[in-house]
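One structure below.
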Amino acid sequence: MARKILRIKMDDLSYKYEEVPSKWAKWGGRGLTSNIVAEEVDPTCHPLGPNNKLVIAPGWVSGTPAAPSSGRTSFGGKSPLTGGIKESNSGGTSSQKIAKLGLAAIILEGMPKDSKWYVLVITKDGVKFEEANDLLGKGMYEVDEILWKKYPNKPAIIGIGMVGEKKLSNAGISVNDPENKPGRYAGRGGLGAVMGARGVKAIVVDDTGGPGVEIANMDLFKTGRKKLTDAITSHDLTKPGGGLNSYGTNVLMNIINEAGGLPTRNFSAGYFEGASKISGEMIAETVEKRGGGMTGHGCHTGCIIKCSNIYPDEDGNDLVSPVEYETAMSLGSNCGIDDLDYIAKMTYQCDDLGLDTIEAGNTIAVYMDSGALEFGDKEGALSLFDEIRQMTPLGRILGQGVKATAEAFGVFRVPTIKGQSMPAYEPRAIKGIGVTYATTPMGADHTAGYTIAPEIAGVGGKVDPLSDEGKSELSLTFQAATAFIDSTGYCLFIAFPILDIPEGWAGMAESVAGVTGQSITGDDVISIGKEILKVERDFNTRAGFTAADDRPPEFMRYEKLPPHNEVWTVSDKALDEVFAWVNS
Amino acid sequence: MPTINVTLYGDIAQYGSGKQLATLDLDLPQDANIGLLLERIRLPSEERGYLFVNSVLHDVPGLNASHNDPLKDGDHVGIFSISHMWPYQYRQGIHLSDTLKAALEEKGVMKNTYRE
Ligand code: SF4
């Protein structure tokens, strides 16, 4: 059965299945969400108004048998945080179930006329609109529990916490993990507020009896799958017992700190003296010592990398899953907090309230920078989540994210680009990532430009990756490769083995070709990725973005970052070169 | 006699009597270098990943570019296990020692590992 688009109209509570138009037939994941948003959403619309849409799409290979680590879902729309196009990508249980229902995408549009809230229940038989008034004001932990009790077959739950209900700009979208915990987030860009504006508290997806995913060429798919699986399971970083499996993404904390690039105390230093206490190594020690929680946890069935963890409390009981590097930076080093237990407690609050952890921690850091709270005050930081939960005026400001909080409290050190705050790599110390932060259509985003092999990217021998000169071309290549991987449904972390093992790269492309029937090889990846970027950049141009939006914050040009005492030196011209080809 | 502060990250912390993290202060002779330090803590090169001296990257997994790099009193050395990851895009533009820079220009800077 050919994939369908499920269009859900909240203004009259109706839905219909549509054929995927030929112009979109080749897309999955991010490629599909961005194309739909670019065509169906007015770039000048208010993100919370009736003309924005939330588009949800599994990747090309999601839902296929044993495609490794392929459970990623793309969420797209116009972002309340950046005002531009947004694709936010999540693990969890949703991708495979949506794909197995035969759906290429779900488009959520309109707003209920009766101002009521709904739970949408999607099964092979269609969509049921159930009133959600009993779930309002509830956190995602309780919502997931209630919905798994109410609906059989352990469905995927896509939901928003109180912050999404109030349509604040730092609202993320939660997806439950295999244990029905809400820690997998399409966090960035405030898409939870876009979902809230449609009057939808949660979407229940039960794929029982669904048609499954059609595979055009099973032999090719299996060949590609094997090559990719072999690459993942043999690489030091992604194999069982490898870096990601043992320490999670927080394996980076000590490395980035040793390099002097760890955002610390609202991006005022690149070295945090307490980094090792909040690192992946310390999580591994804590799990062993407390006899609870775990490392090597998978965010969805079929992940063979398993970078997630479950952090235990002092008594060894599961507290929250996962504590990631970005979270430990934003709620830890960037707030001057060196206590993992507090970082875990704040992560729990974020997951329950429906906040993106990166933006939430960076927001607290900006608030601290205003003098309202001391850096390192972990009790004070934790208590701010009560303000958000109670939706006090302060809580509402904090729920709006870094930029709004900086404006409300008179802070000039505002680590945002296009309104979205920076993740865990200081651009003054790691300048290559700064080029990507500045120019990606998504706002400052560390997942926008993943490295791929130079011979594959076609940049090998053409640029010197050690000099400032090559950064524009490399950033574009990385962004294009990432846009492609974000469309596959594969987790971005497959980028590590396929960088070092060429058969892995070929295997990824072959598995996609096998599923879709398109003739895609490794050589096509960059051009396909660039098509997606062009659509996204064009949306932002129509929304009013200019070159001035592709710049790091001003303070990074004059405030020297210890320990290397560096400022941002990449020229505006170099930044403008990244996407000069779009308009030429 | 120079004293060098060393932190070992990951399972190599066992060479400093730790589990996942170990910090030690080592007294080394005047002409100390990184090779000597690794010998002193008995860390085999095949178990050594990224290596930093005072926030400057001196070595990467599978290369032994740093062994002749000198150390001086008060230096801090951070050493990671080979399973530690550091994707290229998150290290593009960081400070490298001259010897490592030359070695990477030869080997290809964007790889995650240089082990055979
Ligand atoms: S590697 Fe980590 S983030 Fe990626 S799919 Fe697996 S558990 Fe999820």
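The values are calculated or read from the model by the stated rules, or taken from the named source; none is laboratory data. From a predicted model like this one, the values you see are computed outputs, not experimental measurements. Cβ coordinates were reconstructed from backbone atoms using ideal geometry, including for glycine residues, and neighbour counts include every protein chain displayed. Keep in mind that these areas ignore ligands, DNA and RNA; they rest on the heavy atoms of the full protein, side chains included. Shrake-Rupley method; radii C 1.70, N 1.55, O 1.52, S 1.80 Å.
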Ordering A:Lys277, A:Lys100, A:Lys560 by the accessible surface of their heavy atoms, 1.4 Å probe, largest first, yields A:Lys560, A:Lys277, A:Lys100
When the charge dipole of segment A:2-99 is computed with +1 on Lys and Arg Cβ and -1 on Asp and Glu Cβ about the Cα centre, the Cα farthest towards its positive end, among A:Ser69, A:Thr82, A:Val20, belongs to A:Ser69
From most to least accessible, 1.4 Å probe, no ligand or DNA/RNA atoms counted, A:Glu273, A:Glu469, A:Glu566 line up as A:Glu469, A:Glu273, A:Glu566
In debye to the nearest 20, the charge dipole size for segment A:259-416, taken about the Cα centre with +1 at each Lys and Arg Cβ and -1 at each Asp and Glu Cβ, equals 400 debye
In vacuo Debye sum over C-alpha of segment A:4-205, base-10 log of normalised intensity I(q)/I(0) at q = 0.10, 0.16, 0.17 Å⁻¹, listed in q order, is -0.34, -0.95, -1.10
Beyond 32 Å (Cα-Cα) in this structure, taken from A:Lys560/B:Lys72; A:Lys97/A:Lys471; A:Lys226/A:Lys289, we find A:Lys97/A:Lys471; A:Lys226/A:Lys289
For peptide B:8-21, the mean count of other chain Cβ atoms within 10 Å per residue Cβ is 4
Given pairs A:Lys9/A:Lys116; A:Lys530/B:Lys107; A:Lys23/A:Lys100 and cut-off 24 Å on Cα-Cα distance, the over-length ones are A:Lys530/B:Lys107
Inter-chain shielding metric for A:246-259, i.e. average beta-carbon neighbours from other chains within 10 angstrom, reads 6
The distance between the Cα centres of segment A:260-335 and segment A:366-390, in whole Å, is 20 Å
Residue span A:Ala25 to A:Asp339: 0.36 nm per residue of separation minus Cα-Cα distance leaves a gain in nm of 108.2 nm
Sorted on mean Cβ neighbours within 10 Å (highest first), peptides B:94-100, A:11-17, A:431-437 come out as A:431-437, B:94-100, A:11-17
Along segment A:220-232, Karplus-curve 3J(HN,Hα) (6.51, -1.76, 1.60; θ = phi - 60°) to the nearest Hz, with x for Gly and Pro, reads 5, 4, 5, 4, x, 4, 5, 4, 5, 4, 4, 5, 5
The size of the Cβ-based charge dipole (Lys, Arg +1; Asp, Glu -1) of the protein assembly as shown about the Cα centre, to the nearest 20 debye, is 2000 debye
For A:Glu165, the accessible surface traced by a 1.4 Å probe with all protein chains present amounts, in square angstrom to the nearest 10, to 20 Å²
Taking the alpha-carbon centre of each part, the distance from segment A:124-176 to segment A:88-120 in Å is 11 Å
Projected area averaged over all directions for the convex hull of the alpha carbon atoms of the protein assembly as shown, nm², comes out at 27.2 nm²
Given A:29-40, A:51-62, A:536-547, the highest-first ranking by average Cβ count within 10 Å works out to A:51-62, A:29-40, A:536-547
When the charge dipole of the protein assembly as shown is computed with +1 at the Cβ of Lys and Arg and -1 at the Cβ of Asp and Glu, the Cα pointing farthest to the positive end, of B:Ile4, A:Ile5, B:Thr99, is that of A:Ile5
In order over segment A:136-149: 3J(HN,Hα) from phi, Karplus 6.51/-1.76/1.60, θ = phi - 60°, whole Hz, x for each Gly or Pro, gives 5, x, 9, x, 5, 4, 6, 4, 4, 5, 4, 6, 5, 6
The protein assembly as shown accessible area per residue, 1.4 Å probe, protein heavy atoms, integer Å², reads 33 Å²
Partner shielding of A:477-483, as the mean number of partner chain Cβ atoms within 10 Å, equals 1
From highest to lowest solvent-accessible area (probe 1.4 Å; ligands, DNA and RNA excluded), A:Arg72, A:Arg188, B:Arg48 read A:Arg72, A:Arg188, B:Arg48
